[in-house]
1. Exactly which trypsin sites (Lys or Arg not before Pro) in segment 110-218 are in a DSSP loop and have at most 14 other Cβ atoms within 10 Å?
2. Mind scanning Lys226/Lys344; Lys270/Lys344; Lys71/Lys226; Lys46/Lys270; Lys38/Lys113 and naming the pairs with a C-alpha gap bigger than 26 Å?
3. Longest span of the chain, sites excluded, free of GluC sites (Glu not before Pro) in DSSP loop with at most 15 other C-beta atoms within 10 Å?
4. List Thr159, Thr179 from most exposed to least, where exposure is judged by having the fewest other Cβ atoms within 10 Å.
5. Quick one: Cα convex hull volume of the chain, Å³ per residue?
6. Only Lys, Arg, Asp and Glu count, each charged at its Cβ (+1, +1, -1, -1), so figure out the dipole size of segment 8-199 about its Cα centre, rounded to 20 debye.
7. Could you name the aspartates and glutamates whose alpha carbon sits less than 12 Å from that of Lys327, not counting residues in the same chain fewer than 8 places away?
8. Under a point-charge model restricted to the Cβ atoms of Lys and Arg (+1) and Asp and Glu (-1), what is the dipole moment magnitude of segment 210-356 relative to its Cα centre, in debye to the nearest 20?
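What follows draws every value from the coordinates through simple rules; no lab data is involved. Note that this is a predicted model, so its numbers are computed, not measured. When we count neighbours, we look across all protein chains shown, and the Cβ atoms used for this are built from the backbone with ideal geometry, even at glycine.
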Amino acid sequence: MLEGRKTLTRYTIEEEHRHPGASGEFSGLLNSLATAIKIISNQVNKGALVGALGNAGGDSASVNVQGEVQKKLDVMSNEVMLQENQWNGHLSGMASEEMDGVYTIPEHCRRGKYLLVFDPLDGSSNIDVNLTVGTIFSILRAPNPGKDASLEDFLQPGTQQVCAGLALYGPSTMLVLTTGDGVDGFTLDRDIGAFILTHPRMRIPNDAHEFAINASNERFWEAPVKRYVAECLAGKTGPRAKDFNMRWVASLVAETFRILTRGGIFMYPKDSKDATRPGRLRLMYEANPISFLIEQAGGASTTGRERVMEITPTDLHQRVPLIFGSKHEVERLAGYHADYANGKEPDTFDSPLFSTRSLFRTQ
């Protein structure tokens, strides 16, 4: 029974009707994206049954522009995103984590007024162990609609995003998106092949009792991050006077959805592990769309030093630190970065609590 249930198609049409003069192009683009996500979900769901697991290229593993080993599903997901979105006439160009430069729309296809950037399969290192993976995407307006997009066309700050979203391929397939007016979540009903609105107006609580960080990098963290984590670990006996739980899935889409549903803070901060990289996550197709979703749900997103969505990109694959989640927790950690930069609390940063307490030991 569909009575009382809103499909993604109905949702996009109703949203379009709220904007007089809308051409229908945006709704068409979202429908193409939804189709691509359904196809990827089907392949992820079948996994080994269709030979989709393992590295692309077999023993001589294929490596993408990021220097990362590609999984078979990385390559397949990227191809699906390109093929399902290039023909609709709504895009003037695309860019992906798996490609070095801008993807030019084929000659026989009409150019449109939007740009699409995406991570076709986030968390793909988890594929072979059957953990949640997903797709992340961001839609921008094309500065030169109807013409082939250039690299410079894509280098827009996150504040210019028209839409951002993510898909999760987990126990159920979900699509979460924002067009700048809140965040809504849809669940794929496989019986009818449609996304149904199941999580309307998602909101992140301001306070939290969970934090997510890769603890193996502890020795590389900056002092503000060490301070924040130490306070969380101190629990009720520490300065926060409450206990925290730690989470780490190593899947950005899964971490984001957990925070969207119950709050928390995610940290992939700047560290000293690799001096050539100021951060680990890609600004254009990871940090910006995730930040847009988080802010629209009432949360906050920062590098620790600045708002993520205000950064003007200089490269398609630019990396940044990323800290996001419940507003009060993110603001606290950003405040610690500011204090440390201004030299306001040297005694606090060097105190026994923060210099000796670790995730795994107390000396």
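1. When the trypsin sites (Lys or Arg not before Pro) of segment 110-218 are filtered for loop state and at most 14 Cβ neighbours within 10 Å, Arg110, Lys147, Arg190, Arg201, Arg203 remain.
2. Going by Cα-Cα distance, Lys71/Lys226; Lys46/Lys270 fall outside the 26 Å limit.
3. 108-305
4. Ranked by crowding around the Cβ, least crowded first: Thr159, Thr179.
5. Hull volume normalised by residue count: 154 Å³.
6. The calculation lands at about 380 debye.
7. List returned: Asp207, Glu295.
8. 260 debye
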